[in-house]
Each structure stands twice: as structure tokens, then as C-alpha cells.
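The values are calculated or read from the model by the stated rules, or taken from the named source; none is laboratory data. Bear in mind the structure is a predicted one, so any value in this text is a computation, not a measurement. FYI the Cβ positions are ideal-geometry reconstructions off the backbone, even for glycines, and counts take in every protein chain you see.
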Amino acid sequence: MVSTTASESLAELGGLLNRAGTLEETATTGEELFGVAKTLRSEPALRRVATDTSVEESAKADLVNNIFGKAIGDVALAVVTDAVRRRWTVSSELPAVIEQLGVVALVRSAGARSDQITDQLFALGRLIEANPELRGALADSSRTADDKVGLLHGLLDGKVLPATLSLVGHAVSAATGSVERAIAGFQQVAADVQGEMLATIRAAQDLSESERDRLSQALGRQYGRDIRLRVVVQPDLVGGMRIEIGDDVIDGTVSGRLDDARRRLAG
């Protein structure tokens, strides 16, 4: 989770992406921002200088231009130059925010179909969760990132949007945690681009359309945003449901209440 300062910078820097132009140019900007984020993560010395408040802003801007100026387009360069002029609570927030802006650009590059990206990333996350062999292959440190990307592209090529395919590749190569966690993070950003929040509902059985509508409206009133539900059926929960939205978890499952009762008795 980034700090409040980083969140504000993310919102302000996002406005610069409006200059990207065509959908193809927006996709290129997204790829370029991912490349910059990867470089900043792999070069700690560069990242420290870029976020050092004792270094003049103009000097940091010159550094960015010297390193990235010929490698990325004007929009991506404007974003990165503006970013290094800002204050960051910790240096790792700089590449994290630039990467998030890369996600935003790639989602926007899908144009009118961008709302499909959230669904496609969710479906992939469920596929990985339901297949231990696939999950193990993606977590296998002996496999290269290219090998893992090739594995997922083989499963998805022709079945998802190009932007989704690109994000999946970045989830593998740019992930600081598990691939599933990276995909879930990208999914949240994709929903935010659509002005929505995601709520994952884990229930013992599927919800009817009317139940989904009532729950979505109730959560929308509570959070002040449109809520998109993702229902995961888990029979082992017995009854009730577990709601995961943002950093909040509301566990109303029978198994959750039993676990809580056991902890209380043990304590």
C-alpha cells in the first residue's frame, strides 16, 4: 500500500496520460512506463538519487532525460520527469506509482472494451487459484520469467484483449510478490479506471442476480462508489459469505464464525 502522498501523486500524474493520443500510442506509453519502473527497481542507486530530497529538482529532471530521453516517448518522459520532482515517503514508491500508471495506460488503450480487462484478469486469477500445478509452475524459482510469461500467453493468446495479455506478462516479470497478487493489484487498478471498486465475495453457493444487485447497492452506499462483484464459490465455507473489498474483510461465513469461536475458547 502506498502512502497518502504517493496516492495524491498518482492521481495528479495520471492526468498527464491524457496527452497520449491514439489507443496505440497509449499502449506504447504504458509499456514504456513499465520499462522505467523495472529499471528503477533494478537500479537502487538511480532510485535513491531520483527520490533524494537533497538533490535539486532540475538535476533529477536532467538525469531522467539523460537516461530515458531517447528510449521513451514524450508522454512517458513527461510523467517520469514530473514524478522525480516530487517528494516520496520511501524510494520504492516511485517505481510502484510509475508501474501503476503503466497499468492505467494499458487499460485505457483497450478503449471501449477496457471494462473487459477486469473480468479477464479475475478469470485468470481464479484459474491459477484452482490449478495447483499452474500455481506451482508460476512460483517455481528455477523457471525464468520468460518461461512463465510464455506459459500464460499459451493459455490466453487469442482469448483475451492484447492489453490484458500485456498486463499478464508484466504481472510475471514485474511482480514483487506472487503472480496472483500482482494480477489482483492490476485488477484493482483496472476497476479504478472504470470508476469502480472491486468486491470479492466468497460464498458456499452462487448468488442470484437479485442477491448480487442488493449486495452491490448496499456496498456502494457504504463506500460511495460503484461496486463490481466477483463471486467465488467455496462449498467448504458451509454458509454465509466473506467480503473482501480494498483492505477491508467482512467475514460472515459459518466457518469463519466457528474459527473465531475456537480461538476464543483456546484463549
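Looking at segment 152-162, can you tell me whether even one residue there is modelled with pLDDT of 95 or more and closer than 23 Å to residue 36 by Cα? Yes, there is a match, as at least one residue in segment 152-162 is modelled with pLDDT of 95 or more and closer than 23 Å to residue 36 by Cα. For segment 173-184, a residue qualifies if it is touching a helix residue (DSSP H, G or I) at 6+ places or on another chain (Cβ under 7 Å) and under 15 Å from residue 129 (Cα atoms), and the qualifying residues are 178, 179, 180, 182, 183, 184. Among the residues of segment 78-99, are any assigned to a helix (DSSP H, G or I), touching a Pro at 6+ places or on another chain (Cβ under 6 Å) and surrounded by 14 or more Cβ atoms within 10 Å (Cβ to Cβ)? No. For segment 105-120, residues that are surrounded by fewer than 24 Cβ atoms within 10 Å (Cβ to Cβ), in contact with a helix residue (DSSP H, G or I) (Cβ under 6 Å, 6 or more places away or on another chain) and either of a type in the set (S, T, N, Q) or assigned to a helix (DSSP H, G or I) (or both) total 4. Of all the listed residues (109, 91), the sole one being within 17 Å of the chain's Cα centre (by Cα) and of a type in the set (Ser, Thr, Tyr) is 109. Does residue 128 satisfy the condition of being among the β-branched types (Val, Ile, Thr), outside the structural domain of residue 57 (by TED's automatic domain parsing), over 24 Å from residue 22 (Cβ atoms) and surrounded by 13 or more Cβ atoms within 10 Å (Cβ to Cβ)? In short, yes. Just give me the residues in segment 13-58 being of a type in the set (D, E, K, R), at pLDDT 90 or above and either closer than 22 Å to residue 111 by Cα or not in a helix (DSSP H, G or I) (or both), in sequence order. Of everything in segment 13-58, those that are of a type in the set (D, E, K, R), at pLDDT 90 or above and either closer than 22 Å to residue 111 by Cα or not in a helix (DSSP H, G or I) (or both) turn out to be 24, 25, 31, 32, 43, 52, 56.
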